[in-house]
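What follows is a single structure, written as structure tokens, with notes after it.
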Amino acid sequence: MGDIIPERRSYVAGKWVEGDEVLAVENPADETHVTDVSVTPLTEIERAVTEARDSFDRGVWADLPVRERARILGDFLDHVEASREAMIATMVAEAGQPPTFAERSQLGGGMAVARGAIELYLTMSHEESNPVPVDDLVRGRVALSIRRHEPVGVVTAITPYNGAIVMALQKIVPALIAGNSVVLRPSPLTPISSLIFGAAADAAGIPPGVLSVVVEGGSAGAELLTTHPAVDMVSFTGSSVVGRRILAQGAATVKRVALELGGKSAQIYLDDAVGKVAAGAMAVVASTAGQACVAATRMLVPEDRKAEVVEAVSAAYARITVGHPTAAGTTMGPVISGPQRDRCERFVALAVENGGKVAFGGSRPAGLDRGYYFEPTVLDLPGNDNPAAQEEIFGPVISIIGYRDIDDAVRIANDSPYGLSGQVYGADTATATAIARRLRTGAVNVNTAVFSAYAPGGGYKQSGLGRERGPDGIRAFQEVKHLVIGELR
């Protein structure tokens, strides 16, 4: 791998800022020290907010013609892409992700979503007008009713470690093209890669205050970003526990809060699709080590074919090569940290204590003494009430559960505090689609999958509020204003 990106300081209101404290970034693949990143002082995080407020109120970005905003954002993305090799090396080093995942899913997927969001915004209508019949009036004479979609104002974007670049791009670019000013705060576990956005903003000529990138090792800065009166909206991706805290923090000033939170998604296989289980199981753990909120970690199969499925999935996982992401042949790297590996171990133990069986894996792989590795693990569970089926583990662990009939499969899939994603596989597409319509989840893939700027994603229940991507993801960063215009009489 090549060198990582050179940025080590925060970018606040058009200037690079260096604090007195540093955050040591660790490579989870071998526990080595990647680099130190300067921590943004709280006073500078607050200045990022107040400068964002000032830039928005003065209209230095929001009042630009939308085509000009689109041109500048195109230059911004071009600068990020120009650092492709360094970006890939950075994501591999700070997150332990295999290079192919960093390149295709994080950077490639993020760029496609970002450029698509700009194109989508330009095709959407942001002001509609209609004449109002005189008979509809209470008093006066109205000539026109106008419905406008305007920027929310100051947005804080808080992103997770598992998708530092793709998640940042699907927040900041839709927010910026809509005319908002943004403060980005990446996860303390993977802060380096997001600093490229400061360099890109500088190179593209985004006005000072419109985009700032701040770094911290704790949560005090994030709390300031979720409570400051000058912030109009918080967009957060992460755990449901933290999401509930952010929702409470934003309540005092009635902020708009967009949350993409945890998941415990189900993949349902009809009897004629059981032959596809190996591929579906691999998608859960390959590349991400199961660290994806949309991962379908509950596999629901016909009860009378469950033993066959457990054997097939175990055989598939036996072919996975766990190791350092840059090593030849590696197909799965580490989880992000020691505590995350401990969580995997704890839930495997809980699964067994509650009647489950470990069909494959379930522990730390032999020969990998350094790095936070956990074996790809297959759990054979007697029912959906098992802790491993109810809680998001966020690791390479899949649970296989049998169902009696279609109604039972739907019941099991919906028996969860989460509702972020889901999958249904069946040769009869109409039947599979009918099942998908019954699932209480924000997105369902039927025999396929898509990740696009034009397709919304988001959660039901404790998986979140609002949507990202698609027209709904654009509207999330806009307010609706109604103008009624009449003659002075």
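The values are calculated or read from the model by the stated rules, or taken from the named source; none is laboratory data. Computed from a predicted structure; not experimentally measured. Note that each Cβ is placed from the backbone with ideal geometry, even for glycine, and that neighbours are counted across all protein chains shown. Each accessible area value is taken on the protein alone, full model and side chains, heavy atoms only, with ligands, DNA and RNA left out. Shrake-Rupley method; radii C 1.70, N 1.55, O 1.52, S 1.80 Å.
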For the range 36-58, enumerate the residues that are open to solvent by 20 Å² or more (accessible area, probe 1.4 Å), outside any loop (DSSP other than H, G, I, E, B) and either aliphatic (A, V, I, L, M) or more than 20 Å from Leu225 (Cβ to Cβ) (or both).
Asp36, Leu42
Hey, among the residues in the range 443-460 that are open to solvent by 30 Å² or more (accessible area, probe 1.4 Å), at pLDDT below 95 and hydrophobic (A, V, I, L, M, F, W, C), which one's nearest to Ala476 (Cα to Cα)?
Phe451
Looking only at the range 361-383, which residues are touching a helix residue (DSSP H, G or I) at 6+ places or on another chain (Cβ under 8 Å) and surrounded by fewer than 20 Cβ atoms within 10 Å (Cβ to Cβ)?
Ser363, Arg364, Gly383
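Yes/no matrix, rows are residues, columns are (1) open to solvent by less than 10 Å² (accessible area, probe 1.4 Å); (2) aliphatic (A, V, I, L, M); (3) outside any helix (DSSP H, G or I):
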site: Thr90; (1), (2), (3): yes, no, no
site: Gly110; (1), (2), (3): yes, no, no
site: Ile118; (1), (2), (3): no, yes, no
site: Tyr121; (1), (2), (3): no, no, no
site: Ala143; (1), (2), (3): no, yes, yes
site: Asn162; (1), (2), (3): no, no, yes
site: Thr190; (1), (2), (3): yes, no, yes
Just name the residue that is nearest to Val241 (Cα to Cα) out of those in the range 284-319 that are among the charged types (D, E, K, R) and open to solvent by less than 30 Å² (accessible area, probe 1.4 Å).
Arg298
Considering only residues that are among the hydrophobic types (A, V, I, L, M, F, W, C) and open to solvent by 30 Å² or more (accessible area, probe 1.4 Å), which ones fall in the range 417-442?
Ala427, Ala430, Ala434
Counting only residues in the range 320-349 that are more than 13 Å from Ala289 (Cα to Cα) and touching a Ser or Thr at 6+ places or on another chain (Cβ under 8 Å), the one surrounded by the fewest Cβ atoms within 10 Å (Cβ to Cβ) is identified as Gly329
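For (1) under 27 Å from Gly464 (Cα atoms); (2) out of contact with any Lys or Arg (no Cβ under 6 Å at 6 or more places or on another chain), each residue gets a yes or a no:
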| position | (1), (2) |
| --- | --- |
| Val358 | no, yes |
| Gly361 | no, yes |
| Pro382 | no, yes |
| Asp385 | yes, yes |
| Ser399 | yes, no |
| Asp407 | yes, yes |
| Leu420 | yes, yes |
| Ala427 | no, yes |
Taking the residues in the range 199-221 that are open to solvent by 30 Å² or more (accessible area, probe 1.4 Å) and part of a helix (DSSP H, G or I) as candidates, determine which candidate is farthest from Thr50 (Cα to Cα).
Ala203
Report every pair of residues separated by at least 6 positions or lying on different chains whose Cβ atoms are under 7 Å apart, first residue within the range 425-452 and farther than 15 Å from Leu300 by Cβ, second part of a loop (DSSP other than H, G, I, E, B) and of a type in the set (S, T, N, Q).
Thr429/Asn447; Gly442/Ser421; Gly442/Ser463; Ala443/Ser421
